[in-house]
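Take a look at the structure set out below.
The values are calculated or read from the model by the stated rules, or taken from the named source; none is laboratory data. Just so you know, these numbers come straight off a predicted model, no measurement behind them. Cβ placement follows ideal geometry from the backbone for every residue including glycine, while neighbour counts extend to all protein chains displayed. For the accessible areas, the whole protein counts, side chains as well, though only heavy atoms, and no ligand, DNA or RNA atoms are used. Shrake-Rupley method; radii C 1.70, N 1.55, O 1.52, S 1.80 Å.
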Amino acid sequence: MKKHSESELKALNQQFKGISPSEIIQWAVERSDRPVVTTNFRPYEAAILNACVQIDPKMTVVWCDTGYNTPQTYLYARSVIEELSLNVKVYSPLQTAAYRDAIFGGIPQIDNPLHDEFTHQVKSEPFQRAMKEQLPDVWFTNLRKGQMAFRENIEILNYNKDGVLKISPFCHWTDEQLDKYLLQHNSPNKFKYFDPTRVLGNREWGLQA
């Protein structure tokens, strides 16, 4: 996909506010050579996965599995993968959870000097490895405004530091709108989710590179 200028990106973001996620995904897929969609199977993830595979059934789905997901999340992931016949590539930490429990003494709290290394092992490194191997030119996510403070500044289209076009088709959608979308598509949802790096209620690590 060609690189858009800042003014072009601004114009596209304004234009895309008024069209459906499926139209946004269609626009991007038609211009992309290597699109991927990332997921962690947190609540509402079935929406972006459903929307993407409706346009491109073979699209690569990158799942960076921390290894600390709840049983409910793993069952939810399996049901969505099977229902949508997802082309999933799983990226897990190089070290086992048992190894980290021994070295770190469990999950380090946010004020623990080991927390940054723990976060790197379970999230940053698997994600960076996935992007290096998949080499996407378009990256679909389910980020939405209002979920966390840092997400207020996101737009539908953004470039990451590596020049990959990051697209959040549901950027301006509310939970209520997503509830209706999932109901219309008979897609499951699961709210029982655990992020091992989010050890305080107001902290979240996302795939924001």
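Summary table below
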read-out: Members of the stretch 168-199 found to be out of contact with any Cys (no Cβ under 9 Å at 6 or more places or on another chain), within 30 Å of L9 (Cα to Cα) and either open to solvent by less than 40 Å² (accessible area, probe 1.4 Å) or assigned to a loop (DSSP other than H, G, I, E, B) (or both), listed by number; value: S168, F170, C171, H172, W173, T174, L178, Y181, L182
read-out: Residues of the stretch 89-121 classified as of a type in the set (A, V, I, L, M) and either in contact with a His (Cβ under 8 Å, 6 or more places away or on another chain) or modelled with pLDDT of 95 or more (or both), total; value: 2
read-out: Any hit, the stretch 139-150, residues being under 14 Å from V36 (Cα atoms) and either touching a Phe, Trp or Tyr at 6+ places or on another chain (Cβ under 7 Å) or at pLDDT below 95 (or both); value: yes
read-out: Unique match (being closer than 26 Å to P93 by Cβ and at pLDDT 90 or above) among P136, P169; value: P136
read-out: Filter result for R100 (farther than 30 Å from Y181 by Cα, outside any loop (DSSP other than H, G, I, E, B) and in contact with a strand residue (DSSP E or B) (Cβ under 7 Å, 6 or more places away or on another chain)); value: no
read-out: Qualifying residue in the stretch 77-95 (condition: without any contact (Cβ under 8 Å) to a residue 24 or more places away in the chain, outside any loop (DSSP other than H, G, I, E, B), under 16 Å from the mean Cα position of the chain (by Cα) and closer than 27 Å to T174 by Cα); value: yes
read-out: The listed residue being in contact (Cβ under 8 Å) with a residue 40 or more places away in the chain and surrounded by 15 or more Cβ atoms within 10 Å (Cβ to Cβ), out of I154, I107; value: I107
read-out: Which listed residue, of D101, D116, D162, is surrounded by fewer than 16 Cβ atoms within 10 Å (Cβ to Cβ), charged (D, E, K, R) and under 25 Å from K10 (Cα atoms); value: D162
read-out: Residues satisfying the stated conditions in the stretch 49-60, i.e. part of a helix (DSSP H, G or I) and either open to solvent by less than 50 Å² (accessible area, probe 1.4 Å) or on the phi > 0 side of the Ramachandran plot (or both); value: L49, N50, A51, C52, V53, I55
read-out: Verdict on K3 being exposed (fewer than 14 other Cβ atoms within 10 Å of the Cβ) and either at pLDDT below 95 or closer than 20 Å to L178 by Cβ (or both); value: yes
read-out: Verdict on S22 being under 30 Å from H4 (Cα atoms) and open to solvent by 20 Å² or more (accessible area, probe 1.4 Å); value: yes
read-out: Pairs with Cβ under 6 Å, 6+ apart, first in the stretch 110-128 and farther than 17 Å from C64 by Cβ, second modelled with pLDDT under 95 and open to solvent by 70 Å² or more (accessible area, probe 1.4 Å); value: I110/L200
read-out: Qualifying residues in the stretch 61-82 (those that are among the charged types (D, E, K, R) and loosely packed, with under 15 Cβ neighbours inside 10 Å) - the one farthest from P126 (Cα to Cα); value: E82
